[in-house]
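Student: Handing you this structure, nothing more for now.
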Amino acid sequence: MANHQLNPNNWIDLYSDYLFNYTISRVNDRVVAQDLVSETFLAGLKSMGNFKGEASERTWLVSILKRKIIDHYRKINSKKGKAEVRMNYNSDSDTEGDWLEERVEDTFEKTAEAKLENSELGDAIYDCIAKLPAKQAEVFKMKTILGYDTETICNEMNITASNLWVLIHRARTALANCMEENWF
Amino acid sequence: MKKRFLFISCEEAKHICDKSQYGESTFWERFKLSIRLSWCHVTKSYSSKNNKLTHSIKQAEVDCLKNDERNKLKQQFEKELAKHQ
């Protein structure tokens, strides 16, 4: 049964941040992530005819993005001989021979499980942000995720500092409640 | 007089709590907030949820596009969209 419809006019406003966050947590490169998101939207546009309406617009775009990310890694891995493993060996006599032990213990490295959980947590946060009114979401993202200072946001959004704090308060209250219901 | 000087409303406490999440509250504000937190359950509950949210956002390392990046993406996409419409 076809319930969902595509409206590409809203794609950038509704999904660009979600898709970007999804991508950057998997490719760790801001420019590559932007390119992949852009390619995803363009591919979505071209294959709109294949959309059956069974999944939501966002799910459908994410499925295209997943293929783009896989293609990206395939492309990288196919460049044989260009791959390089970088290890810095200590060569001074006092620490000589210690390098292997130093590298065995990697306590700061995140485990795959923790990364997956963080990625799911990120998705849950974005699901909640998507429920906020547009202006609240915009101000919240600028302040909390991008870390812009109050003055910059006020100038960009043409609001006063007290307006900003009201928007932040409403956004945080709604998000905390949403996360309480869906995650915590 | 002294009591009033230290007393803050629940709304003010929430505002200070919000600012604290971004490191923008003063020492004096935090002091007044801590007094309110010692007896006000509403403020305590709000503060706890707020701290939890901040922790989650940091833990998830969420990211988003900067305005200029989004505008660039929008321009590229709108060009293509115009061809399809």
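Student: Looking at the stretch A:1-50 only, could you name the residues that are touching a Phe, Trp or Tyr at 6+ places or on another chain (Cβ under 6 Å) and more than 10 Å from chain B (Cβ to nearest Cβ)?
Tutor: The answer is A:Leu6, and nothing else.
Student: Would you confirm whether or not the stretch A:141-159 contains a residue that is over 18 Å from B:Lys66 (Cβ atoms), in contact with a helix residue (DSSP H, G or I) (Cβ under 7 Å, 6 or more places away or on another chain) and more than 9 Å from every other protein chain (Cβ to nearest Cβ)?
Tutor: The answer is no, given that none of the residues of the stretch A:141-159 is over 18 Å from B:Lys66 (Cβ atoms), in contact with a helix residue (DSSP H, G or I) (Cβ under 7 Å, 6 or more places away or on another chain) and more than 9 Å from every other protein chain (Cβ to nearest Cβ).
Student: Given A:Ile125, A:Ile159, A:Ile168, A:Ile145, which one is at negative phi, modelled with pLDDT of 90 or more and touching a Lys or Arg at 6+ places or on another chain (Cβ under 8 Å)?
Tutor: Answer to the selection: A:Ile168.
Student: Quick check on this structure: which one of B:Ile16, B:Ile57, B:Ile8 is at the interface with another protein chain (Cβ under 8 Å from one of its Cβ atoms) and β-branched (Val, Ile, Thr)?
Tutor: Details: B:Ile16 fails: at the interface with another protein chain (Cβ under 8 Å from one of its Cβ atoms); B:Ile8 fails: at the interface with another protein chain (Cβ under 8 Å from one of its Cβ atoms).
Being at the interface with another protein chain (Cβ under 8 Å from one of its Cβ atoms) and β-branched (Val, Ile, Thr) holds for just one of B:Ile16, B:Ile57, B:Ile8, which is B:Ile57.
Student: Quick check on the stretch A:116-135. Is at least one of its residues more than 19 Å from B:Leu53 (Cβ to Cβ), assigned by TED's automatic domain parsing to the domain that holds A:Leu175 and under 13 Å from the mean Cα position of the chain (by Cα)?
Tutor: Checked against the condition, which is being more than 19 Å from B:Leu53 (Cβ to Cβ), assigned by TED's automatic domain parsing to the domain that holds A:Leu175 and under 13 Å from the mean Cα position of the chain (by Cα), the stretch A:116-135 yields at least one hit.
Student: With respect to A:Tyr89, determine if the residue is more than 16 Å from the chain's Cα centre (by Cα) and modelled with pLDDT of 85 or more.
Tutor: No; evaluated as a whole, the condition is false for this residue.
Student: Look through A:Ala174, A:Ala137 and report the one residue that is more than 9 Å from chain B (Cβ to nearest Cβ), buried (at least 18 other Cβ atoms within 10 Å of the Cβ), touching a residue at least 40 places away in the same chain (Cβ under 8 Å) and of a type in the set (Gly, Ala, Ser).
Tutor: Numbers: A:Ala137 fails: touching a residue at least 40 places away in the same chain (Cβ under 8 Å).
Selected residue: A:Ala174, the only one of A:Ala174, A:Ala137 that is more than 9 Å from chain B (Cβ to nearest Cβ), buried (at least 18 other Cβ atoms within 10 Å of the Cβ), touching a residue at least 40 places away in the same chain (Cβ under 8 Å) and of a type in the set (Gly, Ala, Ser).
Student: Continuing with this model, one more query. Tell me whether the stretch B:23-32 contains one or more residues that are over 26 Å from A:Met157 (Cβ atoms) and either over 20 Å from the mean Cα position of the chain (by Cα) or surrounded by 18 or more Cβ atoms within 10 Å (Cβ to Cβ) (or both).
Tutor: Yes, some residue in the stretch B:23-32 is over 26 Å from A:Met157 (Cβ atoms) and either over 20 Å from the mean Cα position of the chain (by Cα) or surrounded by 18 or more Cβ atoms within 10 Å (Cβ to Cβ) (or both).
The values are calculated or read from the model by the stated rules, or taken from the named source; none is laboratory data. Remember, it's a predicted structure, so these values are computed and weren't measured experimentally. Here the Cβ is made from the backbone with ideal geometry for all residues, glycine too, and neighbour counts use every protein chain on show.
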